[in-house]
1. Under the condition of being in contact with a Lys or Arg (Cβ under 7 Å, 6 or more places away or on another chain) and not in a strand (DSSP E or B), which residue from region 113-171 is farthest from A185 (Cα to Cα)?
2. Would you check if there is a residue in region 96-114 being closer than 25 Å to A167 by Cα, within 13 Å of the chain's Cα centre (by Cα), surrounded by 22 or more Cβ atoms within 10 Å (Cβ to Cβ) and not β-branched (V, I, T)?
3. Where residues in region 42-78 are closer than 16 Å to A138 by Cα and of a type in the set (V, I, T), which of them is surrounded by the most Cβ atoms within 10 Å (Cβ to Cβ)?
4. Just name the residue that is nearest to D76 (Cα to Cα) out of those in region 141-167 that are of a type in the set (D, E, K, R) and in contact (Cβ under 8 Å) with a residue 12 or more places away in the chain.
5. List the number of the failed condition for K123; all other conditions in (1) surrounded by 21 or more Cβ atoms within 10 Å (Cβ to Cβ); (2) touching an Asp or Glu at 6+ places or on another chain (Cβ under 8 Å); (3) of a type in the set (K, R) hold.
6. Which condition from (1) more than 19 Å from G74 (Cα to Cα); (2) among the polar types (S, T, N, Q); (3) not in a strand (DSSP E or B) is the one that S101 breaks?
7. Only residues in region 168-184 that are in contact (Cβ under 8 Å) with a residue 60 or more places away in the chain count as the first member; pair them with residues that are outside any helix (DSSP H, G or I), Cβ under 6 angstrom, at least 6 apart or cross-chain, and list the lot.
8. Could you pull out the residue among L156, L170 that is at pLDDT 95 or above and out of contact with any Leu (no Cβ under 6 Å at 6 or more places or on another chain)?
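The values are calculated or read from the model by the stated rules, or taken from the named source; none is laboratory data. For clarity, every value in this text was computed on a predicted model and none was experimentally measured. Here the Cβ positions follow ideal geometry from the backbone for every residue, glycine too, while neighbour counts run over all protein chains shown.
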Amino acid sequence: MARAARTARVGRVPEDWRGVGRMVCRGGVLGLLLGVSGCVGLPSGVRPVTGFEVERYLGTWYEIARLDHRFERGLDSVSATYRLRPDGRIDVLNRGRETRSGTWRDARGVASFLGDPGVGRLKVRFFWPFYGAYTIMALDENYTQALVCGPNRNYLWVLARTPTLDAETLDRLLAIARTHDFPTADLLFVRHGQDSPEDASGRETQGASGSP
């Protein structure tokens, strides 16, 4: 059995992610993902999905591809897990593994809707008072693949319920991103290797049915 990777648990945001809060809005993020206060804009021409059902979106999503930024640089096996809170907000756990050391890095945040909860448009906070936009641009009817953007075209993520995505589905999502003028040629495709501690124990990998 392979030696378990070291894990950096969250009492505070890890050093390599904390600096995001000092960036200007164009350098802010969302979540999977960190952001800067007030960075909840929507890129021109982008429309969030409607008919959104948050309960079906809960659980773990794997990062298939991203436009890379400092807060994720050097990380593979990146995932985001969402759990609904009693107050209607969403707990967010982002996790990635440092490619060089094998150390797991965690960041916890809270997401809330920017208006109608039937629209896939949220803001995510990882440390007060900094927020980032989280806009779901595309989502399949089974809630297994998603295309997510931030406040501008510097931020884009392809997400899936599994660590890999078939070529046809990936091409379809990238075509949507290109239609909205995102620089898909700059995408970094994420490697998924050893499972995270939660995945290895069979927890937090299900959709809404597996979430409290």
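1. Residue satisfying both the conditions and the ranking: G115.
2. As a first pass, look at region 96-114 and keep what is closer than 25 Å to A167 by Cα: 96-97, 99.
Checking which are within 13 Å of the chain's Cα centre (by Cα) leaves us with 96.
Still in the running and surrounded by 22 or more Cβ atoms within 10 Å (Cβ to Cβ): 96.
Filter once more, keeping what is not β-branched (V, I, T): 96.
Scanning region 96-114, I find at least one residue that is closer than 25 Å to A167 by Cα, within 13 Å of the chain's Cα centre (by Cα), surrounded by 22 or more Cβ atoms within 10 Å (Cβ to Cβ) and not β-branched (V, I, T), so the answer is yes.
3. By that ranking, first place goes to I64.
4. Our first condition is that a residue be of a type in the set (D, E, K, R); within region 141-167, this holds for 141, 153, 161, 166.
From the residues that got through so far, the ones that are in contact (Cβ under 8 Å) with a residue 12 or more places away in the chain too are 153, 161.
Values: R153: 22, R161: 16 Å.
So the residue we want is R161.
5. (2)
6. It fails just one condition, (1).
7. From region 168-184, the pairs are H180/G45; H180/V46; F182/R153; F182/L156.
8. Working: L156 fails: out of contact with any Leu (no Cβ under 6 Å at 6 or more places or on another chain).
The conditions single out L170.
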